[in-house]
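Here's the structure we're looking at; comments come further down.
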Amino acid sequence: MSVHAAQPPLPSDDKRWRIVNGTMRRHGHARQALIETLHTVQELFGYLDEEALKFVAASLRVPLSQAYGVATFYHFFSLKPPAQHECHVCMGTACYIKGAAQLLARAEEVLGVKPGETTPNGTASLLAERCMGSCSLAPVTIFDGEVAREASAKQVQERLERWLAHDA
Amino acid sequence: MTLEELERIAAGTKNARAAGGHEVNVCLAAGCLSQHSDALKEALEKEARKASASCRVRGTGCMGLCSAGPLVSVEPGGVLYRNVKPEDAPAIVRSAGGEPLRRLQCSRDQAFFQRQVHIVTENSGKLDPEKIEEYIAADGYKGMIRALTEMTPAAVVQEISRSGLRGRGGAGYPTGLKWGTVAKTDSAVKYVVCNADEGDPGAFMDRSVLESDPQRVLEGMIIAGYAVGASRGYLYVRAEYPLALKRLETAIGEARQLGLLGINICGTAFSFDIEVRIGGGAYVCGEETALIASIEGKRGTPRPRPPYPAQSGIWGMPTLINNVETFASVPAIVRRGAEWYAALGTPKSKGTKVFALSGKVKNNGLIEVPMGMTLREIIFEIGGGVPEGRKFKAVQTGGPSGGCIPEQFLDRPVDYESLRELGSIMGSGGMVVMDDTSCMVNVARFFMEFCMAESCGKCIPCRAGTAQMHEMLTRICDGRATHKDLEMLISLCDMVGATSLCGLGQAAPNPVLSTLRYFQDEYLEHIEAKRCRAGVCECGAAAEVRA
Ligand SMILES: Cc1cc2nc3c(=O)[nH]c(=O)nc-3n(C[C@H](O)[C@H](O)[C@H](O)COP(=O)(O)O)c2cc1C
Ligand code: FES
């Protein structure tokens, strides 16, 4: 596979596209670099939009349908822009046994959304996770990347209400 | 790098550490880190700089008792401190080498520490995972050099076979046999893959090993590459483990720099390099054929076997896939010999197994025990039993592919065969303890929900069957089911187990079957009396309102 084959132009002069290109170049623009490249895009932009998928698919010469298929198959990729705040509630076995369902229910109530959804104004997303690998600290909740051990429903509520109040 | 050079590095590192005075070690693995052990380390460093006493602060891997974190140890002397806060830093530094601080001390005399045997975790919590010299000083890479310079590839395969090591990823396939199959294939290109997708909920063994002693996994993979004749390795790590990913990248860089990885390793004709691949958060990608598809950049859906990856894996080439813990067991086996390893464990399950102990048990954390220890010893001695005066109900092993084992079988030894006889599996090592506040029907439904959501949808029995079984279990939980539903559930278990394409669907009925086997009265209570004795399910009236 030639590196010099015509590559599509960068979607914009946003510097981050050059980093995306770097990932593809490192893999010789081989098709197998698709997942790696999408990880780079998601890391830089926070999500994969249509423009990004088209650009990556064209650069690696994979059908857009395949790029879309991969992007939707893996839970880690998101096709929507991230909310201002993210609340992850672990619903893995250890957390479930220690009452994670109540935490999730309380979070749904406070935010008024189901897991996987974002509040209408884009303030907060609620996510139910499989297992964060921190089962010793169960039930585990992650607020904007910060792990809260053995959280109570009340703590979850207070934290989320603070997010909502700030945005009001 | 020769053995002499390796020993020079080891000696230099040991001398420097001995001259540095007391060591105050802070766990920087994910559990403690999420409780800000990094800030704690900074506070300790600040104090150490002030103090007149000579002591050095180091960041290390997991010390095991995660539920008591952040953990700090002071060496030599083996003093361990629990739930340490930055405010405690001055007192800890002042007392290093003197009288231990009673109010923070965590006794090492308890069964949690005394009953364990460390092989895979022998360096965990003792060395800085981002310093290859420390791994080398702990006899790291000696096994690899021995293999590369004194043994033929066939002899390495033989050694692994004789050790009795079996795959730690769940199924327990004999590792030596798998290596032999790949070694015998006639192909110029072969691959070695380390499965670090660790998707079972309640399992964090691989995470801890990768964060605490990454070089060990690399060494195991290089030895495997030499034994089977591969020159390229992939480490497939789940994206949810950013710290493990970072430490692996550091470890690979360090190993390359010392010539332990790359072209002509240690001046031999053998070349091997490792690339990290990040998973995408799909449980099924832990299945070996799905994992291969994912490495090839595709959607991670499994395909029928045979052909097995050993014959046709990545790009159709022979591929050896083993779990993190399997690879992490290899360096010690090669270094200390198959006989030493095979002397541990039971006749058919040799060596040690790492378990992630969690749920309703006093000591949560990571443990390593010889195969054959009983469940009771693990849960009640090492784990300290069920807290808050509650009653033990079941222990779940094997994640969504496993089952729940009740009280009456707690004296069974833990090995591959006995757990299977009990209707569960060893699995990757998650052990979640449940007390009488858990409803076993609800737990079965919980796992079915997991399998339903994680089914890749490629084969119908799994895609549709898990959804149907989930619906039936929901009806039972809600008190809306009849005996007929239960009969249908049982026949669906048979069907889905027998006809699914991959292990996900084949094993999806296990949590249902095992809870039915031991807790059938709870199922019947939900159906007949519309009652949940644990008070978890909203049976009867409440459910009717919802439905
Ligand atoms: C649905 C499913 C998920 C799996 N997940 C993992 C996993 O997370 N880690 C792992 O090592 N093996 C997992 N396995 C087992 C692998 O397919 C494979 O048997 C294993 O990696 C082989 O390594 P071993 O022989 O060292 O155990 C999974 C299997 C199935 C069916
Ligand atoms: S089950 Fe929640 S962190 Fe493992």
Just name the residue that is nearest to ligand 1 (Cβ to nearest atom) out of those in the stretch A:109-127 that are of a type in the set (Gly, Ala, Ser) and at pLDDT below 95. A:116
With respect to residue A:92, is the statement that it is facing chain B (nearest Cβ under 8 Å), within 15 Å of ligand 2 (Cβ to nearest atom), over 27 Å from residue B:39 (Cα atoms) and not β-branched (Val, Ile, Thr) true? yes
Regarding residue B:444, is this residue assigned to a helix (DSSP H, G or I), of a type in the set (Gly, Ala, Ser) and in contact with a Pro (Cβ under 6 Å, 6 or more places away or on another chain)? yes
Within the stretch B:277-288, track down each residue that is assigned to a helix (DSSP H, G or I), within 9 Å of another protein chain (Cβ to nearest Cβ) and farther than 22 Å from residue A:65 by Cβ. B:283
One residue is enough: does the stretch B:449-459 have a residue meeting the conditions touching a residue at least 60 places away in the same chain (Cβ under 8 Å), closer than 30 Å to residue B:346 by Cα and not in a loop (DSSP other than H, G, I, E, B)? no
Among the numbered criteria (1) hydrophobic (A, V, I, L, M, F, W, C); (2) touching a strand residue (DSSP E or B) at 6+ places or on another chain (Cβ under 6 Å); (3) modelled with pLDDT under 95, which single criterion is violated by residue A:131? (2)
Could you list all residues from the stretch A:110-136 that are away from chain B (no Cβ under 12 Å) and either without any contact (Cβ under 8 Å) to a residue 12 or more places away in the chain or among the aromatic types (Phe, Trp, Tyr) (or both)? A:112, A:117, A:120
Scanning the stretch B:397-412 residue by residue, those assigned to a strand (DSSP E or B) and either within 16 Å of ligand 1 (Cβ to nearest atom) or modelled with pLDDT under 95 (or both) turn out to be B:397, B:403
Taking the condition of being farther than 17 Å from residue B:255 by Cα, buried (at least 24 other Cβ atoms within 10 Å of the Cβ) and small (Gly, Ala, Ser), how many residues in the stretch B:200-229 meet it? 4
Please state which of the following conditions residue B:32 fails to meet, knowing it meets all the rest: (1) buried (at least 20 other Cβ atoms within 10 Å of the Cβ); (2) assigned to a loop (DSSP other than H, G, I, E, B); (3) within 14 Å of another protein chain (Cβ to nearest Cβ). (2)
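Table: residues versus (1) in contact with a Cys (Cβ under 8 Å, 6 or more places away or on another chain); (2) among the charged types (D, E, K, R); (3) surrounded by 24 or more Cβ atoms within 10 Å (Cβ to Cβ).
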residue: B:354; (1), (2), (3): no, no, yes
residue: B:362; (1), (2), (3): no, yes, no
residue: B:385; (1), (2), (3): no, no, no
residue: B:391; (1), (2), (3): no, yes, no
residue: B:394; (1), (2), (3): yes, no, yes
residue: B:408; (1), (2), (3): no, no, no
residue: B:412; (1), (2), (3): no, yes, no
Consider the stretch B:466-518. How many of its residues are more than 23 Å from residue B:405 (Cβ to Cβ) and within 14 Å of ligand 1 (Cβ to nearest atom)? 3
Filter pass, residue B:120 being over 22 Å from the mean Cα position of the chain (by Cα), away from chain A (no Cβ under 14 Å), within 16 Å of ligand 1 (Cβ to nearest atom) and buried (at least 22 other Cβ atoms within 10 Å of the Cβ): no
Looking only at the stretch B:289-302, decide whether some residue is surrounded by fewer than 24 Cβ atoms within 10 Å (Cβ to Cβ), without any contact (Cβ under 8 Å) to a residue 60 or more places away in the chain and away from chain A (no Cβ under 11 Å). no
Could you say whether any residue in the stretch B:435-454 is under 17 Å from residue B:533 (Cβ atoms), surrounded by fewer than 18 Cβ atoms within 10 Å (Cβ to Cβ) and of a type in the set (Asp, Glu)? yes
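The values are calculated or read from the model by the stated rules, or taken from the named source; none is laboratory data. Here the structure is a predicted model, which means the values were calculated and not measured. Note: ideal-geometry Cβ built from the backbone for every residue, glycine included; neighbour counts use all protein chains shown.
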